[in-house]
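What follows is a short report on a single structure.
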Amino acid sequence: MTSEQKQQIYSLLKTASDSILGYKSKSFDENAPFFKDDEKIQLQEKQQPQQKIQPQENTKSSNQILPQSMQNVIEKIAQCSRCPLAKTRHNTVPGTGVSSPFVLVIGEGPGFEEDMQGLPFVGPAGQLLDKMLAAINLSRISNVYIANIVKCRPPQNRNPYPEEADACSSFLQAQIALLKPKAILCVGTVAAKNLLKTEFGVTKLRGQFFEYQNIPVCVTYHPSALLRDISLKRLAWEDLKFFKTKLLELNPGYESQYIPYVKQ
Ligand code: URA
């Protein structure tokens, strides 16, 4: 009940009581109680509009997302202004690939081309990434989803600041929860550090399997690093072969699901 409704009932009862007892009410009743809205009504009035917009969302913390669908995450990312990268982006870059991927590839953040197109790994590094994946029968059209640590381009392609990566982390967590990949490949130090919460770089982390929420994780060089220093390509190839041993363990027939990705 609202304070106004309570006030009306009080006035009615007071008028009736005055009339029975035979004395006139003061115009300002100094003994009148102070009425407050019932708590339940306040909560319902405040929560209802939010529930209508995001019926499935957990609102425990503003930074936590438990989404209903990938579409829901993509919309959240598109509306995001949690960090300053939102001010300089042309497009958000949530990710691309199949909805139940065998492998999730995690990069660092969008570059120039990605920011313009709203798609991850579509520039020169992306073309090399597609070749690396093809070498072990993986592609974004058959068995892979590709996402980044940050969904907006850091200016001048600098590394994302820790606060930017932290502000964005719940999106990747939500994506992993929805995609349920069987294995994760981190390309580059930024991806590995942020996912595995380590201070080590690729050189230390490569050649081992880690776990993220029981999902095996492998780390290799970022394709941009391979474009800058071709001597790293041999090591990256070693990493891919090593990663493939795990993929075959997880699903010996996975290669039969491979469809080559041909960029339009
Ligand atoms: N580099 C990344 O880490 N991600 C992209 O999407 C593009 C380039």
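Key figures for this structure:
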{"quantity": "The range 119-172, subset outside any helix (DSSP H, G or I), in contact with a helix residue (DSSP H, G or I) (Cβ under 9 Å, 6 or more places away or on another chain) and of a type in the set (D, E, K, R), residue nearest to Leu185 (Cα to Cα)", "calculated": "Arg140"}
{"quantity": "Criterion: more than 19 Å from Val98 (Cβ to Cβ) and in contact (Cβ under 8 Å) with a residue 40 or more places away in the chain - qualifying residue of Leu240, Leu235, Leu179", "calculated": "Leu240"}
{"quantity": "Of all residues in the range 103-118 being assigned to a helix (DSSP H, G or I) and not polar (S, T, N, Q), the one that is nearest to the ligand (Cβ to nearest atom)", "calculated": "Glu114"}
{"quantity": "Any hit, the range 129-136, residues being within 15 Å of the ligand (Cβ to nearest atom), modelled with pLDDT of 95 or more and among the basic types (Lys, Arg)", "calculated": "yes"}
{"quantity": "Close pairs (6 angstrom Cβ cut-off, 6 or more residues apart or separate chains): surrounded by 15 or more Cβ atoms within 10 Å (Cβ to Cβ) in the range 200-217, part of a loop (DSSP other than H, G, I, E, B) anywhere", "calculated": "Val202/Tyr221; Pro216/Phe209"}
{"quantity": "Lone unmet requirement of (1) more than 12 Å from the ligand (Cβ to nearest atom); (2) in contact with a His (Cβ under 7 Å, 6 or more places away or on another chain) for Ala174", "calculated": "(2)"}
{"quantity": "Hits in the range 99-117 - residues which are surrounded by fewer than 18 Cβ atoms within 10 Å (Cβ to Cβ) and within 17 Å of the chain's Cα centre (by Cα)", "calculated": "Ser99, Ser100"}
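The values are calculated or read from the model by the stated rules, or taken from the named source; none is laboratory data. Everything numeric in this text was worked out from a predicted model, so none of it was measured. We place every Cβ from the backbone using ideal geometry, glycine too, and count neighbours over all the protein chains shown.
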